[in-house]
Structure formats: structure tokens, C-alpha cells
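The values are calculated or read from the model by the stated rules, or taken from the named source; none is laboratory data. In this text, all values refer to a predicted model and were calculated from it rather than measured experimentally. Accessible surface is based on the protein model in full, side chains and every heavy atom, while ligands, DNA and RNA are left aside. Shrake-Rupley method; radii C 1.70, N 1.55, O 1.52, S 1.80 Å.
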Amino acid sequence: KHYDGRDDDDCYYLPETFCQAAPLFSLTLSECIMPWTSTWLSPQLTFLHLSRTADIDETHLPSFQVFSDLLSRLNLLEVLVLRDIFPRTIPENHDWSFAVVNTLLENDYGSATLPQSCTRWKISADIMHDDAFYLLSHLTIPDNCLVAVSTRKSYGDWVHQERYTIRALDRAIYALSSPSLRNRSSTPQELVMSEHGVSFYDIELPRARW
């Protein structure tokens, strides 16, 4: 099923009683948010795509625990695509002093686990990039799951905010590449970094790919 609420300037919030259909196998929601207890988020889902570019009332975003509980129910999920819909872990309207940054980095909302069935996770963050980095560093990812991350610099108090963002990105990269930290069976043999992103490879790339 696909639902798109892009006619509105803000995200559209679906009521609990909206279209209580039979369990779905594939679900795509663009610019609209459903209750995180919706029957649409059933264990039968194999494909889930949640995206938004519009403003959102952040009380409709899941807590980290709610998001973790959701993943634990989606035992058959194969593909997960998230665009600026993440658990809210970074509070709004705070300063980016060193003391605050250190406190944010040490916050612990728990951990979450992608189901073993998941083979592809695409994450895009143009607005909530700090929350995305937090999720990346607190999520156990199956060995066979391809992770694609896209993020762009946001506007605002970037000079000070980057104190957190750079350190959070460093933790996310470490978490993605560390077998002991996130139960991966092997460490990457090659890392490729460019303006397009950071890629890890389990085997060394052929020299023709350089």
C-alpha cells in the first residue's frame, strides 16, 4: 500500500482508525505519519518505506524504545527505508556548548536490532542527521544487510552544532565497522571515503576499482 500526503505543507497525521485493512506485506508512507501502534505495522511486512521533507510535530515521532519494539515485531522485514523519520534523541532549542555536546553524546536511550531477515537498510537525513547518527551507533545490524546512508548539512548554528555532528558521525562509523560492538562476524578489509559517502568492504577491492 502507498499513501502520499504531499498536498499539505506539513506532514499529515493519520488517525488510529484510518483504513484498518488486512495485514500488509509492503507499506510506503510519504509526508504522513501513522500511530506507531497501527495494525499496518504488522509482523507480515517485508518492505517498509517512511519518508518526509515537510515539517513535523515531533510528538508524533517514536521514542527510541517504541522504535526498538517496532523492529522486534517485524520479523520478516527485508527492506527498510527511512528519510528523516527517526526516533527523536536530540532535544530541540538547546545550545551547542562543549558541556552540552558531551552530555548529548553520553545519553543512552538503549539499543535496537534490525531483524535477521533485513538485507537492505537505506537511511537519508537532511533534517534529523544527528538523530540518524545516534540511531546508526545504537543499532545492531545483520551481517548480510547492506546499509546505505545519505546525509546533507543542515542550516542553522552549524559552526557550533558540528561539534556534536562530527563526533556523532565518528561513533556511527565505528559502530558500523566494529564486530565486537554490533555482533558483526568480521571487520571490514577496506574503507572508501568520498564526497558521496563512506563505504566498507568485507574483502579488499580489486585494484581496477581504484
Roughly speaking, what is the centre-to-centre gap between region 57-86 and region 127-149 when only Cα atoms are used, to the nearest Å? 12 Å
Solvent-accessible area of ASP10, probe 1.4 Å, all protein chains present, reported in Å² to the nearest ten, please. 80 Å²
What do you reckon, how do TRP121, TRP36 stack up by accessible area (1.4 Å probe), largest on top? TRP36, TRP121
Going by amide H atoms built from the backbone, whose H comes under 5 Å of the H on LEU14, apart from near neighbours? ILE33, MET34
